[in-house]
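> Take a look at the following structure, please.
Every read-out reported here was derived from the displayed coordinates using simple, explicitly stated rules and does not represent laboratory data. Because the structure is a prediction, the values reported are computed rather than measured. Using ideal geometry, Cβ is built from the backbone for each residue, glycine included, and neighbour counts are taken over all protein chains shown.
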Amino acid sequence: MIEVCGLKKYFQTGGMFGKKFIKAVDGVDFEIEKGESLGLVGESGCGKTTVGRLILRLVEPTQGKVIIDGTNLFELSKKDLRKMRKKMQIIFQNPDASLDPRMRIGDCIAEPLKLYKVVNKKKMNDKIMQLIETVGLNPEHVNRYPHELSGGQNQRAVIARILAINPEFIVADEPTSALDVNVQAQILHIIRNVNEKFGLTCLFISHDLEVIKIMTDRVAVMYLGKLVEIGKTDQIFNGTKHPYTKALLSAIPVVDPDVKRKRIILKGDMPNPINPPSGCRFHTRCQYSEKICEIEEPVLIGNGHKVACHLR
Amino acid sequence: MTFLSIQNLNVHFHTEDGAVRAVNGIDLDIEEGEKLGLIGETGCGKTVLGMAILRLLSENTTIKGRILYKGKDLLTMSDREIRRIRGKEIAMIFQNPLSSMNPVLTVGTQVAEPVELHQHLKKQDAMQKVIEMIKSVKIPSPHERAKEYPHEFSGGMRQRAMIAMGLICMPSLIIADEPTTGLDVTIQAQIVELMSEMLRDSGTSMLLITHDLAVAAELCDYIAMMYPGEIVEYASIRDLFKDPKHPYTMGFLDSLPGRGLKPIAGLSPSLINLPVGCKFHPRCSFATKRCKNNRPELIEVGKKHYVRCFLYD
């Protein structure tokens with residue numbers, strides 16, 4: 001359904017004389033099948049959010065294509081893009097900031113219904129009530145303002161608004177990282193249920209590997225603007241081949257006091273994306289790094305389960 | 001004599017909307033060298049409890065009860081006495097290092113503050129100590145980094161500087177409030193590793209305040225589960241994970257993504273409008289009439305294992 005080819009996004013910083021480019025996304029390729037949920041993991045600053053925004057053309061790319069149902073998203077006119085947007089929606093990280101503070105929850109949900117003429121005025125209220133119920137809010141919440149609700153309730157309202165126009169594809173950008181564990185579990189349940197119920201295709205962006213593990217069919221691991229590994233969720237979690245993914249997995253704190261996992265502690269922080277390391281971008285923090293890693297950049301190869309590493 | 005003993009602590013804030021009852025009758029002991037994790041959801045009063053120990057709460061607060069540190073009540077001490085304890089004997093590591101550090105002072109100056117204040121060292125000697133401390137929290141090139149400002153540090157490095165600041169006077173108790181929240185998993189693993197190393201070497205006691213049970217499991221010996229304003233269960237790490245007693249603890253464990261992702265229905269009550277009886281009864285599947293009307297007491301159900309629930313009465 002969605003094909004991403006050679007996607008690049010450089011942000012310009014610095015003044016007139018010291019022009020620099022932050023290479024947020026530096027050549028990313030992947031595809032998402034219809035009805036599939038693809039997870040995108042990586043540390044903060046690796047460019048995963050930028051990928052999510054590029055796929056919806058919320059930012060213009062420096063280079064590359066995003067092909068949805070055979071059409072290149074970046075070649076669409078404004079009018080056609082607006083039509084396309086009806087199919088694609090995004091859940092942002094911070095629910096309080098994604099709702100208009102001066103609009104009641106009911107009006108927030110009604111807005112896309114009116115805009116895309118999903119239902120007529122008579123049926124508007126029924127539709128809103130039905131949406132509210134799908135996401136587990138109470139009818140009384142319709143007349144409340146976002147500040148009167150909790151973060152979890154606001155995130156439910158955001159999901160209700162997204163479902164209003166029957167999208168085919170959603171990007172969920174860290175939808176639960178601002179929420180408590182229990183509320184997180186509630187929201188993830190709703191996302192999983194609506195995905196199944198409406199057969200949605202989903203790009204699930206998160207830094208939390210445990211959440212990714214239960215929410216996705218396939219996982220792409222991103223490091224410093226590039227994908228280092230992509231494969232079925234099970235392949236990544238049980239048979240990862242990239243040292244970075246290995247370190248990420250070993251960093252998950254264990255909830256069982258009897259299990260002592262051997263931990264790979266990565267040294268230092270992620271390098272600056274203005275000036276990424278030569279060769280394999282991960283070589284500065286990789287314990288297996290060899291000479292070739294410093295010189296030559298590995299490409300993503302493999303059948304189904306793809307890895308970008310010289311030593312795999 | 002217990003090292004730190006919190007006895008029947010109540011903390012209420014007065015607001016326009018009514019009294020916010022953040023802490024209601026909490027009893028908690030920490031022995032010397034012990035690491036206790038205080039776990040709870042947002043708004044359950046866990047940070048307030050941590051702040052109350054060092055008397056960092058604002059003026060509109062009513063605090064009742066006793067907090068005995070080595071036998072002396074911290075709540076009735078003079079300001080002068082408490083100032084001698086803050087940072088020297090009991091130190092705090094805050095959640096968000098960017099907003100709790102001073103943006104216009106260099107990191108070195110800020111790490112030096114507690115030693116200058118408490119140990120009256122000369123500036124040069126203090127700086128020497130600061131460099132050693134920065135080195136021991138594994139910040140590379142400590143001489144240069146000490147002269148930089150907080151915004152020049154990454155999130156993980158800032159948290160390391162916070163830890164250096166907290167431990168520089170060798171306190172006997174550290175209160176760490178969500179020290180790894182907001183950090184990436186790999187950086188979180190670095191910080192957890194660093195903290196467990198530093199605490200093992202110094203024998204410092206710790207009160208770790210967090211919503212992340214997994215982090216607490218790695219760093220603590222005991223866990224106290226908090227549900228709006230009270231402790232509902234207290235147990236060793238092992239007992240809590242293998243044999244949780246309180247329905248809230250069970251629900252909390254089940255809602256973790258690694259353990260089934262089964263959420264507890266409903267929301268935590270607001271601290272302004274707490275339910276009568278057991279605070280958890282509106283969400284509890286075992287609730288009976290008794291739970292609605294009476295507040296359960298903490299009952300001992302095993303060795304150092306306490307639970308506030310009528311099921312075990």
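> Over the stretch A:73-162, what is the mean sequence separation of C-alpha contacts under 8 Å (at least six apart), divided by residue count, expressed as relative contact order in percent?
On the way: 79 pairs, mean separation 36.9, N = 90.
That works out to 41 percent.
> Please report, largest first and rounded to whole Å, the three semi-axes of the ellipsoid equivalent to the protein assembly as shown, where each semi-axis is the square root of five times an eigenvalue of the C-alpha gyration tensor. Walk me through the intermediate numbers first.
Details: eigenvalues 343, 232, 102 Å².
Semi-axes, largest first: 41, 34, 23 Å.
> Give me log10 I(q)/I(0) at q = 0.07, 0.08 Å⁻¹ for chain B, Debye formula, one equal scatterer per alpha-carbon, no solvent.
-0.29, -0.38
> For the stretch B:181-196, take each phi angle, set θ = phi - 60°, evaluate the Karplus expression 6.51 cos²θ - 1.76 cosθ + 1.60, and give the result in whole Hz per residue in order, putting x for glycine and proline.
Residue by residue, the stretch B:181-196 yields 5, x, 9, 5, 3, 5, 6, 4, 4, 4, 5, 4, 4, 4, 5, 5 Hz.
> Relative contact order, percent, of chain A when contacts are C-alpha pairs under 8 Å separated by at least 6 residues? Walk me through the intermediate numbers first.
Working: 553 pairs, mean separation 63.6, N = 312.
In percent, rounded to a whole number, it is 20.
> Which order do the peptides B:235-243, A:13-21 come out in when sorted by mean C-beta neighbours inside 10 angstrom, highest first?
Highest to lowest by the protection proxy: B:235-243, A:13-21.
> Would you compute, from DSSP H runs of 4+ residues alone, the mean residue ellipticity of chain B at 222 nm, taking -39500 (n - 2.57) per run and dividing by the full residue count, rounded to the nearest 500?
On the way: 12 runs with 107 residues, N = 313.
Result for chain B, helices only: -9500 deg cm²/dmol.
> Can you grab the distance from the C-alpha centre of the stretch A:255-303 to the C-alpha centre of the stretch A:21-85, Å, no decimals?
25 Å
> Quick check: the distance between the Cα centres of the stretch B:131-206 and the stretch B:58-94, to the nearest angstrom?
For the stretch B:131-206 versus the stretch B:58-94, the Cα centre distance is 24 Å.
> Calculate the tail of P(r) for chain A: the fraction of all Cα-Cα distances greater than 26 Å, expressed in %.
Numbers: 24406 of 48516 pairs.
Distances greater than 26 Å cover 50 percent of the Cα pairs.
> For all pairs of alpha-carbon atoms in the stretch A:145-270, what percent lies in each bin of width 5 Å, listed from the first bin to the last filled one?
2, 9, 17, 19, 18, 15, 10, 6, 3, 0
> With a 10 Å cut-off between alpha carbons and a GNM built on chain A, which of A:D269, A:D29, A:D208 moves the most?
A:D269
> Shifting gears a bit: Would you mind telling me which residue in A:T134, A:T233, A:T176 has the biggest mean-square fluctuation in a Gaussian network model of chain A, where springs connect alpha carbons within a distance under 10 angstrom?
A:T134
> Could you state the orientation-averaged shadow area of the convex hull built on the Cα atoms of the stretch B:226-280, in nm² to one decimal? Before the final figure, lay out each step's value.
Working: hull surface 16.8 nm².
In nm², the orientation-averaged hull projection of the stretch B:226-280 is 4.2.
> If we restrict to alpha carbons, what Rg and Dmax does the stretch B:186-302 come to, in Å?
Considering the stretch B:186-302 through its Cα atoms, Rg and Dmax are 16.2, 50 Å.
> To continue, here is another question. Please compute the average number of Cβ atoms from other chains found within 10 Å of each residue's Cβ in peptide A:243-254.
Numbers: counts 0, 1, 0, 0, 3, 4, 1, 3, 9, 6, 14, 4.
Mean shielding count: 4.
> Residue by residue through B:153-164, how many Cβ atoms from other chains fall within 10 Å of the Cβ on average? If you can, show how the numbers build up before the last one.
On the way: counts 1, 6, 3, 3, 2, 0, 0, 0, 0, 0, 0, 0.
Per residue, the number of nearby Cβ atoms from other chains is 1 on average.
> Could I have the simple spin-label model distance between B:R84 and A:T13, label points 7 Å from Cα toward Cβ, reported in nm to one decimal?
Rounded to a tenth, the inter-label distance reads 4.8 nm.
> How many times 2.2 N^0.38 Å is the alpha carbon radius of gyration of the stretch B:34-119?
On the way: Rg = 14.7 Å, N = 86, 2.2 N^0.38 = 12.0 Å.
So the Cα radius of gyration is 1.23 times the expected 2.2 N^0.38 Å.
> Which whole number gives the average, over all residues in A:264-270, of C-beta atoms from other chains lying within 10 Å of the residue C-beta?
Numbers: counts 2, 6, 6, 4, 8, 9, 5.
Across the residues of A:264-270, the mean count of other-chain Cβ atoms within 10 Å is 6.
> Let me ask something else about it. Based on the mean of other Cβ atoms within 10 Å per residue, sort peptides A:190-196, B:289-295, B:105-111, B:14-20 so the most packed one is first. Working shown, then result.
On the way: A:190-196: 17.0, B:289-295: 13.9, B:105-111: 20.7, B:14-20: 11.4.
Peptide ranking by packing, descending: B:105-111, A:190-196, B:289-295, B:14-20.
> How much space per residue, in cubic angstrom, does the convex hull of the C-alpha atoms of the stretch A:157-227 take up?
Working: hull volume 7.2 nm³, N = 71.
So the per-residue hull volume is 102 Å³.
> Extending each Cα 7 Å along its Cβ direction at A:D256 and B:T61, get the distance between those two points in nm, one decimal.
My value for the distance between the label points is 4.0 nm.
> With a point put 7 Å past each Cα toward its Cβ, work out how far B:E197 is from B:K147 in nm, to one decimal.
With each label placed 7 Å out from Cα toward Cβ, I get 2.6 nm.
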